[in-house]
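Below: the structure, in structure tokens.
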Ligand SMILES: [Zn+2]
Ligand SMILES: [Zn+2]
């Protein structure tokens, strides 16, 4: 039994479950047990004051299954709405759909309304303050964290490039560490992220990127050294390991992305055939939020026997164009920059050094 992986956000030992354990339990994680009450059938558009009495008076004991201890998502949201109305942050005619965006702590395409237990829900909300956010985390058993949405709807979270200020949401209360199950032709991983400073990828966007990687694989381009140049939480680079890449270099200019990538190497180590602990070369807490221009910093390396041969992983914090000064060659360079951001500079820097440059 290896030691618990410590959450980079809250310092707790309960936020990160090794990926192989997540994948074993995911199919039943959100399912009703035999004792759970049927679907409550609450309309998400009905004004709060028109909901049936039990739904307007939900407290922590209400409508919780005595056997599995879980409640239906809509009951949890009704509980949150009751507190928001009580605190004056939503009008009495607000509906469940006005609460915010619920995110389950392990994202997975659940084909039914999820039943939730302790700390299984993170809310992304507008019109919320810190005091009330703390009440939601304290009073509602299922709520693990509350994130305040900032900026225009659809504005991506993270950095556009090394010269721009980061756009992040605001974690108001609790912890925002959550994971997403990523499925590919090569297998599944669980990719964790500190959600308030990570672009929210609904599973479709994530799987579109995985499809690009699968298509490259069928063209025999995923081999040798693969560079995931704007790696975010590390999804593409780590899926490339599953696809058989021998050496994977992950880079991002945004420090939270680098930290999440290192976390994901640990959480997925046994699936990837890596030694459990990556080796740290630079203390991430000493690095700037956005990498300075100049030489990228090698932050961590990981090695392992792999499933079909040795694997080497390196994680850098730097500008992708600058990284070309450090890395001699790669077979495949993947550039997954934000929509609307010019990737010309990165492609220019890498076209001579990479067997192939793919912008995703
Ligand atoms: Zn945490
Ligand atoms: Zn139950």
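Since every read-out is calculated from the coordinates, none of them should be taken as a lab result. Here the structure is a predicted model, which is why all the values come from computation and not from measurement. All Cβ positions, even for glycine, are placed from backbone atoms using ideal geometry, and neighbour counts span all protein chains on display.
Report, to the nearest 10°, how far helix 19-29 tilts away from the longest principal axis of the Cα atoms in the chain, using its own Cα long axis and a range of 0 to 90°.
So the helix axis and the longest Cα principal axis differ by about 30 degrees.
With everything on Cα atoms, drop me the angle between helix 255-267 and the longest principal axis of the chain, reported from 0 to 90° to the nearest 10.
For helix 255-267, the angle is close to 90 degrees.
Just subtract the alpha-carbon distance of residue 270 and residue 303 from 0.36 nm times their residue separation and send over the number in nm, one decimal. Mind dumping the intermediate values first?
Working: separation 33, 0.36 × 33 = 11.88 nm, distance 1.15 nm.
Result: 10.7 nm gained on full extension.
How many angstrom lie between the Cα centre of the range 24-60 and the Cα centre of the range 91-152?
14 Å
Based on the alpha-carbon gyration tensor of the chain and its eigenvalue square roots a ≥ b ≥ c, which shape applies: rounded if a/c is under 1.5, prolate if not and a/b is larger than b/c, or oblate?
Because a/c hits 1.5 or more and a/b exceeds b/c, the chain counts as prolate.
Neighbouring Cβ atoms within 10 Å as the yardstick, rank 190, 65, 33 fewest first. Let's see the in-between values first.
Working: 190 24, 65 17, 33 12.
Ordered from fewest to most neighbouring Cβ atoms within 10 Å, 190, 65, 33 come out as 33, 65, 190.
In whole percent, what relative contact order does the chain give with Cα contacts below 8 Å and a gap of six or more residues?
So the answer I get is 12 percent.
Using Cβ contacts closer than 10 Å as the measure, can you line up 283, 336 from fewest to most?
Values: 283 8, 336 19.
Lowest to highest Cβ neighbour count: 283, 336.
Can you tell me the alpha carbon radius of gyration of the range 19-149 divided by the globular rule-of-thumb value 2.2 N^0.38 Å?
So the range 19-149 has a normalised radius of gyration of 1.02.
DSSP beta bridges in the range 19-149, what fraction antiparallel, as a percent rounded to 5?
Details: 6 of 11 bridges.
DSSP beta bridges in the range 19-149 are roughly 55 percent antiparallel.
Using only the alpha-carbon atoms, how far is helix 203-218 inclined from the longest principal axis of the chain? Give it as 0 to 90 degrees, nearest 10.
30 degrees
Using a/c under 1.5 as the rounded threshold, could you call the range 179-359 rounded, prolate or oblate? The axes a ≥ b ≥ c are square roots of the C-alpha gyration tensor eigenvalues, and prolate needs a/b larger than b/c, oblate otherwise.
In terms of gyration-tensor shape, rounded.
For the range 266-282 and the range 335-359, what is the separation of their C-alpha centers, rounded to whole Å?
27 Å
Counting only DSSP beta bridges with both residues in the chain, tell me the antiparallel percent, nearest 5.
For the chain, the DSSP antiparallel bridge percentage is about 55.
Calculate the spin-label point distance for residue 39 paired with residue 185, positioning each point 7 Å from the Cα along the beta-carbon direction, and give it in nanometres.
3.5 nm
Restricting the count to DSSP beta bridges whose residues both fall in the range 179-359, what percent are antiparallel, rounded to a multiple of 5? Before the final figure, lay out each step's value.
Details: 16 of 34 bridges.
Antiparallel bridges: around 45 percent, rounded to the nearest 5.
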